[in-house]
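What follows draws every value from the coordinates through simple rules; no lab data is involved. Treat the numbers as computed from the prediction; the structure is a model and nothing was measured. In this analysis, Cβ positions are derived from the backbone assuming ideal geometry, glycine residues included, and neighbour counts consider all displayed protein chains.
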Amino acid sequence: MGLVARYLESRGISTVSLSNLAAASERVKPPRALLVPGPRGQTAGKPHDRAEQRRRVEAALDLLEHAQTGGVLKTLNPAP
Amino acid sequence: MSELSLDWPQRYRQWLHSSREWLDQKNWSEAFRTYPRPTFTSAPFTPLVEPLHRIRLALITSGGLSLPGQPLFEEDNPEGDASFRTIEGAGPLDDWTIRHGHYDPKDAQADYNSVFPLDVLRELVHQGRVGSLTARHLSFMGYQTDAARLLDHTAPEMADILIADGAQAALLVPV
């Protein structure tokens with residue numbers, strides 16, 4: 001997914017990625033990535049947990065809006 | 001020409017040849033021990049052109065989601081599946097199928113928002129936080145081994161669709 005993010009960014013589309021693999025993001029360096037806890041299959045939050053899904057998406061969009069440079073990997077704050 | 005190193009396709013073919021047996025046995029840890037992982041030291045950067053509440057956003061998942069009538073992703077192919085699906089429609093998805101083979105699809109099959117948070121984005125548009133969404137969103141299967149094919153064919157086709165739909169930004173959700 002990081003490769004796709006890099007490609008889209010090079011075509012003029014600003015991207016932000018959720019990430020559940022820190023090592024992969026550090027290696028591929030997507031333009032903006034938000035590291036979220038696992039497990040795989042619920043990157044955007046547990047099924048039907050709309051509050052957590054929304055918290056993750058909003059945190060990613062905040063990063064999209066405020067990142068000043070490419071290659072930033074931020075970690076999502078722990079769930080309240 | 002992708003941003004991969006010039007010798008990447010050759011290294012990939014050598015890896016595929018030497019790892020074929022592990023791949024066929026689905027022994028991923030052995031198969032990928034010698035995979036030529038693309039590595040970069042910097043990232044491209046396109047600043048947002050406008051505030052988020054005026055941005056048109058696209059959603060992309062690599063969770064292997066397809067809609068009724070669309071081909072299912074080939075989860076049993078050792079090299080993965082380089083195709084993608086366009087997801088359109090104004091309301092919630094009535095039906096969808098996850099094929100990936102490299103993660104448990106149970107959660108995404110119960111609620112697509114876990115890997116494809118379309119309803120969440122629609123709420124944010126409704127509340128004025130995000131300007132609008134593209135008419136089409138994209139789904140592909142993250143498990144695919146040929147990065148050159150992804151970057152030379154799949155990614156350009158996906159970008160063309162997003163640009164045609166006026167996307168200024170994209171949220172990418174891997175699994």
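Values computed for the structure shown
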| quantity | calculated |
| --- | --- |
| Qualifying residue in region B:160-172 (condition: of a type in the set (V, I, T) and surrounded by fewer than 20 Cβ atoms within 10 Å (Cβ to Cβ)) | yes |
| Qualifying residue in region B:157-166 (condition: more than 30 Å from B:L4 (Cβ to Cβ) and of a type outside the set (D, E)) | no |
| Verdict on B:V130 being outside any helix (DSSP H, G or I) and surrounded by 15 or more Cβ atoms within 10 Å (Cβ to Cβ) | yes |
| Test: residue in region B:136-147 that is touching a residue at least 24 places away in the same chain (Cβ under 8 Å), surrounded by fewer than 19 Cβ atoms within 10 Å (Cβ to Cβ) and of a type in the set (G, A, S) | no |
| Among the candidates B:A82, B:A148, residue that is more than 11 Å from chain A (Cβ to nearest Cβ) and not in a strand (DSSP E or B) | B:A82 |
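Results for (1) without any contact (Cβ under 8 Å) to a residue 12 or more places away in the chain; (2) under 25 Å from B:L52 (Cα atoms); (3) more than 7 Å from chain B (Cβ to nearest Cβ), shown as yes or no for each residue.
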{"residue": "A:G2", "(1), (2), (3)": "no, yes, yes"}
{"residue": "A:R6", "(1), (2), (3)": "no, yes, no"}
{"residue": "A:S10", "(1), (2), (3)": "yes, yes, no"}
{"residue": "A:K46", "(1), (2), (3)": "yes, no, no"}
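So that you can scan it fast, the table gives a plain yes or no per residue for (1) without any contact (Cβ under 8 Å) to a residue 60 or more places away in the chain; (2) assigned to a loop (DSSP other than H, G, I, E, B); (3) surrounded by fewer than 11 Cβ atoms within 10 Å (Cβ to Cβ); (4) within 17 Å of the chain's Cα centre (by Cα):
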{"site": "B:L6", "(1), (2), (3), (4)": "yes, yes, yes, no"}
{"site": "B:Q10", "(1), (2), (3), (4)": "yes, no, no, no"}
{"site": "B:Q14", "(1), (2), (3), (4)": "yes, no, no, no"}
{"site": "B:A31", "(1), (2), (3), (4)": "yes, no, no, no"}
{"site": "B:T41", "(1), (2), (3), (4)": "yes, yes, yes, no"}
{"site": "B:V49", "(1), (2), (3), (4)": "no, yes, no, no"}
{"site": "B:L59", "(1), (2), (3), (4)": "no, no, no, yes"}
{"site": "B:L93", "(1), (2), (3), (4)": "yes, yes, no, no"}
